[in-house]
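The block underneath contains the structure these notes are about, expressed in structure tokens.
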Amino acid sequence: MSEQQSNARLVKRLLLTVVAMFAFGFALVPLYDVMCDALGINGKTNDTAYQQESEYIDESRTLRVQFLATNAEGMSWSFGPEADELTLHPGETREMLFHASNPTDQPMVAQAIPSVAPSKAAAYFHKTECFCFTQQVLQPGESVLMPVRFIVDPALPKDVKHLTLAYTLFDVSDRMPEKLAISAPQSN
Amino acid sequence: MSAVIDHHHADHAHGPAKGLMRWVLTTNHKDIGSMYLWFSFIMFLAGGSMAMVIRAELFQPGLQLVQPEFFNQMTTTHGLIMVFGAVMPAFVGLANWMIPLMVGAPDMALPRMNNFSFWLLPMAFGLLLSTLFMEGGGPNFGWTFYAPLSTTYAPPSVTFFIFAIHLAGISSIMGAINIIATILNLRAPGMTLMKMPLFVWTWLITAFLLIAVMPVLAGVVTMMLMDIHFGTSFFNAAGGGDPVMFQHIFWFFGHPEVYIMILPAFGAVSQIIPTFSRKPLFGYTSMVYATAAIAFLSFIVWAHHMFTVGIPITGELFFMYATMLIAVPTGVKVFNWVSTMFRGALTFETPMLFAIAFVILFTIGGFSGLMLAIAPADFQYHDTYFVVAHFHYVLVPGAIFGIFASAYYWLPKWTGHMYDETLGKTHFWMSFIGMNLAFFPMHFVGLAGMPRRIPDYNIMFANFNMVSSIGAFMFGATQLLFLFIVIKCIKGGPKAAANPWEGAEGLEWTVPSPAPYHTFTTPPEVK
Ligand code: HEM
Ligand SMILES: [Cu+2]
């Protein structure tokens, strides 16, 4: 094989590697989500409703679950839980209400992003219903009470006695103009 | 790929073209090597000036000279320019000059691509520097450009930053392809892989690292671009993305990148120490395998930069042990360098001084790396000046001393003249003292909790910071002496023999000094 030919072959292979590695960079994105889901790391919890599998309640353990609500930068809603914490047994289904109100004179869309601490407990924190599964649309001055219903898995590691469920509320009006359009109040 | 197909040997018989167009259109590896080296030196001075601004502001506690916004732009562009504009192009320049001479090839395998990959660099860094003058200022989010600082909260000029990284990345990838093709396809008959000089070996492995991770860097800046302009949410939690993922992807590139900046220096030092010890390199084969092992391990340790983001305990343990494992092949290398010197007939010309300082000071940087690798301890050290001390100990007396050592070692071959030994030694000692004064105290203030990337600090850190600044000014000023030494050496000086170093081995010393414009047009026979 001549020098030119072997150069051309080698270059072709190396360029293919480059393209493959560029694609690999993007493949890391779904891979990352799968890993976080599978291993319950990074404080990420389920983002679709959990189907309860067992009725078992572990009465011998009592846990505290605390609730936090934070506004992301630039978010002007008032947002918070109705109570700071609950005590419960693993396996029990419990509910907490969060209130939100839009004090501005604009209709707005918000998205709440949950996170559970300690992060190793995240995989055992199951939400059967959550306002974070969808976006919230509020008209100027409107307010709403939003439920999250959840079960802490009895398989939760024994050393965890205290969990925190934290929500950060983001203003996503700019990203979701279609939601605003649908919800616009019927005038004239 | 026209560069591959219509590259003729016939037009290689003449000397360099005349005038400016020689440099614009050249496909000669020596011309391109020189341009890379000059470019990187200009970038070194530009990035260095930014470091001077940083150290001037930190000379005393309180805000004196610059606003915090501008300070942030200085730390960011200093890091970016030094990493992508100074260290990486300097090694590519050395590769261009020396690899064809060391493997007995007439030129690089893809000479036109070589020209293109060089000329992308001035564009990339012109663009990057121009962002400093734009509305809202230049990049201010740190050289690691963590999202969302670099997306949601970035200045408008971030788009130009992204484009500059793309250009520099393409240039590096093309440079790496060229180097691999040259090494694999153009070696002189008889030069088997295990006969290659170590500089060639380390560059071969570095080039593969570049091919593997520069596309990932291109990917991550592309994701930023999409988040900023096309409404995607790779790193935006509100849209279901995750800023921590940015750090994973960045460091998947970033850790191999730090080895990209050090492996060629390992190679250069492995050429220089045997020469001035007048002994063959101790443990050649283990050097090759150690380099390969380091390169492999560099892919599985990235999260040691992220111990504090909340990864699970098993992850902390895995990345902690994997990181510590790198110390083993690195230790093999240090052992081999020391063994090469052991009972050698040592002389201490400037390249050797830089090489010995490299071994000692790089090892200090390795030790602070090991301290940082202890996951529970890193919670204390992370984002403090201790990290700054660590990476400056591996990068300044590591990468940069490696480049200085190479420059002094090969200047006689490049210019045909000997450099001024007294001035060279002065440059060495001033750099050595300056950099230790500048960076050693950073260990202490870091351990005591001084955060990095902050323009002001608690007065309890004042004395050490003043020492650091004085050392930094000394180191900075000394580099102008280096410029003078190089110009003086180009203009004249004692004639250099084909092999000016008594103990030097290798094909590059068989051609006259200065190396003629075309060398090895008929391949040498290697026995
Ligand atoms: C035995 C070898 C090494 C070990 C164990 C090691 C370990 C570490 C660790 C754990 C960190 C993260 C510290 C933190 O952010 O809290 C770090 C940072 C860093 N290391 Fe090393 N390292 C080693 C060698 C090197 C080499 C050879 C280079 C470059 C030539 C290098 C360049 C860097 C840089 C640039 C950073 C800081 C990045 C940033 O956050 O801006 N390290 N190292
Ligand atoms: Cu690293």
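What are the pairs with Cβ atoms under 7 angstrom where one residue, in region B:464-491, is within 21 Å of B:Met418 (Cβ to Cβ) and the other, located anywhere, is outside any helix (DSSP H, G or I)? Sequence gap at least six, or different chains.
Cβ pairs passing all conditions: B:Ile485/B:Tyr419; B:Ile485/B:Asp420; B:Lys488/B:Asp420; B:Cys489/B:His417; B:Cys489/B:Tyr419.
To keep it simple, each residue is scored yes or no on (1) closer than 19 Å to B:Phe520 by Cα; (2) among the hydroxyl-bearing types (Ser, Thr, Tyr); (3) surrounded by fewer than 24 Cβ atoms within 10 Å (Cβ to Cβ); (4) touching a residue at least 60 places away in the same chain (Cβ under 8 Å).
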| residue | (1), (2), (3), (4) |
| --- | --- |
| B:Ile179 | yes, no, no, yes |
| B:Thr192 | yes, yes, yes, no |
| B:Lys195 | yes, no, yes, yes |
| B:Trp201 | no, no, yes, yes |
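Only one of A:Ala72, A:Ala100 is open to solvent by less than 80 Å² (accessible area, probe 1.4 Å) and within 8 Å of another protein chain (Cβ to nearest Cβ). Can you tell me which?
A:Ala72
Does A:Leu86 count as away from every other protein chain (no Cβ under 14 Å) and touching a Ser or Thr at 6+ places or on another chain (Cβ under 8 Å)?
It is false that A:Leu86 is away from every other protein chain (no Cβ under 14 Å) and touching a Ser or Thr at 6+ places or on another chain (Cβ under 8 Å).
Answer with yes or no whether B:Ala448 is more than 14 Å from ligand 1 (Cβ to nearest atom), farther than 27 Å from B:Trp501 by Cβ and open to solvent by 20 Å² or more (accessible area, probe 1.4 Å).
So B:Ala448 passes the test.
Residues are listed down the side, and each one gets a yes or a no for (1) more than 14 Å from chain B (Cβ to nearest Cβ); (2) in contact (Cβ under 8 Å) with a residue 24 or more places away in the chain; (3) in a strand (DSSP E or B); (4) on the phi < 0 side of the Ramachandran plot:
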position: A:Met96; (1), (2), (3), (4): yes, yes, yes, yes
position: A:Val109; (1), (2), (3), (4): no, yes, yes, yes
position: A:Ala121; (1), (2), (3), (4): no, yes, no, yes
position: A:Phe150; (1), (2), (3), (4): yes, yes, yes, yes
position: A:Pro157; (1), (2), (3), (4): no, yes, no, yes
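On the basis of being away from ligand 2 (no atom under 16 Å from the Cβ) and out of contact with any Asp or Glu (no Cβ under 7 Å at 6 or more places or on another chain), does B:Ala212 make the cut?
Spelling it out, it is not the case that B:Ala212 is away from ligand 2 (no atom under 16 Å from the Cβ) and out of contact with any Asp or Glu (no Cβ under 7 Å at 6 or more places or on another chain).
Return the residue satisfying two criteria in turn: it lies in region B:249-263 and is within 13 Å of chain A (Cβ to nearest Cβ) and open to solvent by 10 Å² or more (accessible area, probe 1.4 Å), and of such residues it is farthest from ligand 2 (Cβ to nearest atom).
By that ranking, first place goes to B:Phe252.
Run B:Ile311 past the list (1) within 16 Å of ligand 1 (Cβ to nearest atom); (2) of a type in the set (A, V, I, L, M); (3) at pLDDT 95 or above and report the number of the one that doesn't hold.
If we test B:Ile311 against (1) within 16 Å of ligand 1 (Cβ to nearest atom); (2) of a type in the set (A, V, I, L, M); (3) at pLDDT 95 or above, just (3) comes out false.
Please verify whether B:Pro215 is away from chain A (no Cβ under 12 Å) and either closer than 19 Å to B:Phe91 by Cα or open to solvent by less than 10 Å² (accessible area, probe 1.4 Å) (or both), treating the condition exactly as stated.
So B:Pro215 fails the test.
Residues of region B:270-317 being within 19 Å of the chain's Cα centre (by Cα), more than 16 Å from ligand 2 (Cβ to nearest atom) and open to solvent by less than 30 Å² (accessible area, probe 1.4 Å), which ones?
B:Ser270, B:Gln271, B:Ile272, B:Thr291
What are the pairs with Cβ atoms under 9 angstrom where one residue, in region A:129-148, is free of Cβ contacts under 8 Å to residues at least 12 places away in the same chain and the other, located anywhere, is of a type outside the set (Val, Ile, Thr)? Sequence gap at least six, or different chains.
Hits for this filter: A:Thr134/A:Gln111.
Can you tell me which residue in region A:22-61 is modelled with the highest pLDDT, limited to those that are part of a loop (DSSP other than H, G, I, E, B) and hydroxyl-bearing (Ser, Thr, Tyr)?
Once the filter is applied, the top-ranked residue is A:Ser60.
Quick grid of which residues meet (1) away from chain A (no Cβ under 14 Å); (2) surrounded by fewer than 21 Cβ atoms within 10 Å (Cβ to Cβ); (3) near ligand 1 (Cβ under 9 Å from one of its atoms):
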site: B:Ala327; (1), (2), (3): yes, yes, yes
site: B:Arg343; (1), (2), (3): yes, yes, no
site: B:Leu353; (1), (2), (3): yes, no, no
site: B:Ile356; (1), (2), (3): yes, no, no
site: B:Gly366; (1), (2), (3): yes, yes, yes
site: B:Asp378; (1), (2), (3): yes, no, yes
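The values are calculated or read from the model by the stated rules, or taken from the named source; none is laboratory data. As the structure is a computational prediction, the values presented were derived from the model and not from experiment. All Cβ positions, glycine included, derive from the backbone under ideal geometry; neighbour counts span all protein chains shown. We work out accessible area using only protein heavy atoms, side chains counted, and drop any ligands, DNA or RNA first. Shrake-Rupley method; radii C 1.70, N 1.55, O 1.52, S 1.80 Å.
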